[in-house]
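Structure first, commentary second.
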Amino acid sequence: GGMTLIAGLFDIKRPYYGVDGSNFFRQLGAVRHAGIEASLSGSPIPGLTVIAGGSFVRARVSGDEVASGTIGSRPVDVPSRKLVASVDWHPPSSPTSLDATVEHVGPNTADTLNRVPVAPYTTLNVGLRHRFAIGRSTAVFRIQATNLFDAYGWEVAGDNAFVYVQPRQLTARLSLDY
């Protein structure tokens, strides 16, 4: 029972590597990540589990490449914020549980010149699990709707590389332990 909050401030500076204008992967400067991250987790009431966390980051690149305009001052694939919250409701003595997860990814940049901005997006997933017996085995039926409101967006997978945020989907699964 109860809830646990963990929070921390960070300020990290390290070398920044990427592809230069001649298509060579090398150190391009230094990157500094400063911000806050926090998480909250626990069971405020019997049967309810809450897990939430997030980070707010100010990331900047410095060095000769930035000063000359060869690369931008924002590193590739470091969103300014990322927030995730999940709840799971499993009433005592019930074989069924309900869950929901909301995820928000803030603005991002997708190229070393900072010319390709990536818009923020938010997704919501909801699901249901039902546990039951089949003979001597335990089974779980799971149905889940992901990206319920069909948010449109892109995840950055590297310099000018993208993965499309999957559209709304409904999946059903049956698992059996034998």
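Here are some notes:
- Derived scalar couplings between HN and Hα for segment 19-29 equal 8, 7, x, 9, 6, 9, 7, 7, 6, 9, x Hz in order, rounded to whole Hz, by the Karplus curve 6.51 cos²θ - 1.76 cosθ + 1.60 (θ = phi - 60°), x for Gly and Pro.
- Scalar couplings 3J(HN,Hα) for segment 46-53, obtained by applying the Karplus form with A = 6.51, B = -1.76, C = 1.60 to θ = phi - 60°, are x, x, 10, 10, 10, 9, 9, x Hz; x denotes Gly and Pro.
- Farthest positive-ward along the chain dipole, Cα basis, beta-carbon charges - from Gly42, Val61, Asn108: Gly42
- Solvent-accessible area per residue, Å², over segment 1-160 with all protein chains present [probe radius 1.4 Å]: 58 Å²
- Taking other residues whose beta carbon is less than 14 angstrom from the beta carbon of Val163, and scoring Lys, Arg as +1 and Asp, Glu as -1, yields -3.
- Spin-label model, Val84/Phe162: points 7 Å from Cα along the beta carbon direction are separated by 2.3 nm.
- Among the listed options (i) 13.3; (ii) 9.6; (iii) 12.6, the one matching mean projected area of the Cα convex hull in nm² as calculated from these coordinates is (i).
- Among residues other than Ala151 with Cβ under 13 Å from its Cβ, the summed charge is -2 (Lys and Arg +1, Asp and Glu -1).
- The stretch between Ala139 and Ala7 holds 43.7 nm of extra length on full extension. This uses 0.36 nm per residue minus the Cα-Cα distance.
- Point-charge dipole on Cβ atoms (K/R +1, D/E -1) for the chain, about Cα centre, debye to 20: 280 debye
- Label positions at Ala172 and Thr96, each projected 7 Å from the Cα along the C-beta direction, are separated by 1.4 nm.
- Just the protein heavy atoms count here, and of the accessible area of segment 46-136 at 1.4 Å, carbon and sulfur take up 61 percent.
- The chain: calculated mean residue ellipticity at 222 nm from DSSP helix runs of at least 4, using -39500 (n - 2.57): -500 deg cm²/dmol
- Whole-angstrom gap from segment 89-118 to segment 46-75, using each part's C-alpha centre: 17 Å
- Dipole of segment 48-178 [Lys/Arg +1, Asp/Glu -1 at C-beta], most positive-end residue of Gly127, His90, Ala157: His90
The values are calculated or read from the model by the stated rules, or taken from the named source; none is laboratory data. No experiment lies behind these values; they were computed from the predicted model shown. In this analysis, Cβ positions are derived from the backbone assuming ideal geometry, glycine residues included, and neighbour counts consider all displayed protein chains. What goes into the accessible areas is simple: the full protein's heavy atoms, side chains included, and nothing from ligands, DNA or RNA. Shrake-Rupley method; radii C 1.70, N 1.55, O 1.52, S 1.80 Å.
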